[in-house]
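**Q** One structure coming up, written as structure tokens, with questions to follow.
The values are calculated or read from the model by the stated rules, or taken from the named source; none is laboratory data. Bear in mind the structure is a predicted one, so any value in this text is a computation, not a measurement. With ideal geometry, Cβ positions are generated from the backbone for all residues, glycine too; neighbour counts draw on all protein chains shown. In case anyone asks, the SASA skips ligands and DNA or RNA and just uses the protein heavy atoms, side chains included. Shrake-Rupley method; radii C 1.70, N 1.55, O 1.52, S 1.80 Å.
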Amino acid sequence: MPEIRPLQADDLPVVADMFQRVLRKRRTPAPASLAGYLQRLYLDATDGNGGSPSLVHVADNGRVSGFVGVTSLPMRFAETKLNASICGSLMVDEDQRNDLSGARLLKAFLAGPQDISFSETASDVTANMWTTLRGAILPQYSLDWIKVIKPASFTVAGAKARVPIARFAAPIARAADAGLRLRRSGEFSRWFGARDAAATLGRYTVSDIDQDGFSRLLGKFTSRFAVHPEWNDALLSRIMADASAKKDFGAAIRCTVSTRTGAVIGAFMYFGQAGEIGHVLQVLALPGQAGAVIDCLIAHAATAGLAAVRGRTQPALLEAMLGRQIIFINVNSTVVHARDPELVRQFQAGNGFFNGLVGEHWSRIFGDRFD
């Protein structure tokens, strides 16, 4: 009989190989460093705080044929402490995808002892499984946003991921963007580039900040949400260290945004390099200040020569993004499940803090190399 059981250290070589084939789309054997990271992420970091463990599906022949990676996070709702479990990569071997093993893994995960469960990478099929099991899709948390700064370079940067030879068109794209920048009026200037980057950066002070400094700001900006993370120092330090290691995305950039009086009204963290598409991991803003922080982020990226920036929406930022000629697409959905329906309602109303550092995309699985 097939079975679902907690992940064990002996399973890691098989799970790493599954990651290599299914998630990373590589045909080469999984490097030992990938298995080592999976052990640290899914086994060594487990602190027994009441969340679900990572799980494997074992087929009739005794072979591990499916996996769901789980990380835990303490959260708080009013005076109540919560154990949250975040469902990461849900993977099933190709020859097992018609035997409901993925559904069995998800059902076993949701039946765990945690108070609330999330995922921010649910495909259409997986999202349907969540809703069948009384989970809910959170549309306001489920959009990827893209701000194009240099349209020609953006096109080339996007094409390189699928057609590597497209990189040879980068010099042509740079020349085209230089010519397009001469167009200062009309619909084109509204959609592309930053809103007068020099003026934006002149109204506010954008200052580099290190990893520890960014960590110290998180509580200030997240505790105002009804449901919010409650990191301890060791957990936050580990998350921030992993979140800063994404070689495929470029260098980590962390900045605060301050008014002329020196009051910090927000912060952002993204990865990128000139001519490429920057990946925004986190945007933090005080109430009423999201527009200014987003403008500063885009202006900073434009000054650094990025072709575009993209990130994940949060309800507190969504209204401010309207009118800034930002493109929204749905790639994967954010989903939530809780035994207490009030917790789900809080997130449906946009009163919970989730995505970015409170989610899955902080891990090295997204954007780092293990070769």
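**Q** For the stretch 308-321, in order, what is each residue's ³J(HN,Hα) by Karplus, 6.51 cos²θ - 1.76 cosθ + 1.60 with θ = phi - 60°, in whole Hz (x at glycine and Pro)?
**A** 5, 10, 9, x, 10, 6, 9, x, 5, 9, 5, 4, 5, 6
**Q** Taking the stretch 299-349, which trypsin sites (Lys or Arg not before Pro) meet the DSSP loop condition and have no more than 13 other C-beta atoms within 10 Å? Could the numbers behind the result be given before it?
**A** Details: sites: Arg310, Arg312, Arg324, Arg339, Arg345; in loops: Arg324, Arg339.
Sparse-neighbourhood loop trypsin sites (Lys or Arg not before Pro): Arg339.
**Q** Then there is this: Give the carbon-plus-sulfur fraction of the accessible surface of the stretch 1-48 in %, rounded to a whole number; probe 1.4 Å, heavy atoms of protein chains only.
**A** Carbon and sulfur together cover 54 percent of it.
**Q** In addition: Using a simple charge model, +1 on the beta-carbon of Lys and Arg, -1 on the beta-carbon of Asp and Glu, nothing else, what dipole does the chain show about its Cα centre, in debye to the nearest 20?
**A** For the chain, the charge dipole is close to 1360 debye.
**Q** Identify which of Leu100, Leu110, Leu201 has the largest mean-square fluctuation in a Gaussian network model of the chain, with springs joining Cα atoms closer than 10 Å.
**A** Result: Leu100 has the largest fluctuation of those listed.
**Q** A follow-up question, please. Kindly state, to the nearest 0.05, the FRET efficiency for Thr28 paired with Asp233, given R0 = 35 Å and r defined as their beta-carbon distance. All intermediate terms of the calculation are to be shown ahead of the outcome.
**A** Details: r = 38 Å, r/R0 = 1.09.
Efficiency computed from Cβ-Cβ geometry: 0.40.
**Q** Using θ = phi - 60° and the Karplus form 6.51 cos²θ - 1.76 cosθ + 1.60, what ³J(HN,Hα) does each residue of the stretch 110-119 get, whole Hz, x for Gly and Pro?
**A** Karplus-based 3J(HN,Hα) across the stretch 110-119 equals 5, 7, x, x, 5, 7, 8, 10, 9, 8 Hz.
**Q** Among the GluC sites (Glu not before Pro) within the stretch 70-174, which fall in a DSSP loop and have no more than 13 other Cβ atoms within 10 Å of their own Cβ?
**A** The qualifying sites are Glu79.
**Q** Show the residues, 5+ positions off or on another chain, whose built amide H is closer than 5 Å to the amide H of Arg5.
**A** When sequence neighbours closer than 5 places are left aside, the close amide H contacts are Val56, Val58.
**Q** Could you run the Karplus curve 6.51 cos²θ - 1.76 cosθ + 1.60 with θ = phi - 60° over the stretch 62-75 and give me ³J(HN,Hα) per residue in whole Hz, x for Gly and Pro?
**A** The phi angles translate into x, 8, 5, 10, x, 7, 10, x, 10, 10, 10, 8, x, 10 Hz.
**Q** If you don't mind, another one. Given only helices, namely DSSP H runs of n ≥ 4 each adding -39500 (n - 2.57), what is the per-residue ellipticity at 222 nm of the chain, to the nearest 500 deg cm²/dmol?
**A** About -9000 deg cm²/dmol.
**Q** So, one more: Express the accessible area of the chain per residue in Å², computed with a 1.4 Å probe while the remaining protein chains stay in the model. Spell out each step's value before the answer.
**A** Numbers: 16870 Å² over 371 residues.
On a per-residue basis, the chain sits at 45 Å².
**Q** While we're here: I want to verify a result. In a Gaussian network model of the chain, Cα cutoff 10 Å, which of these has the top mean-square fluctuation: Ala175, Ala338, Ala59?
**A** In the Gaussian network model the winner is Ala175.
**Q** Given N residues in the chain, what is Rg(Cα) / (2.2 N^0.38 Å)?
**A** Against the compact-globule rule of thumb, the ratio is 1.02.
**Q** Counting pairs of alpha carbon atoms under 8 Å apart in space and at least six apart in sequence, what relative contact order in percent does the stretch 57-136 give? Intermediate results must be reported in sequence, preceding the final value.
**A** On the way: 97 pairs, mean separation 21.7, N = 80.
With pairs under 8 Å counted, the relative contact order is 27 percent.
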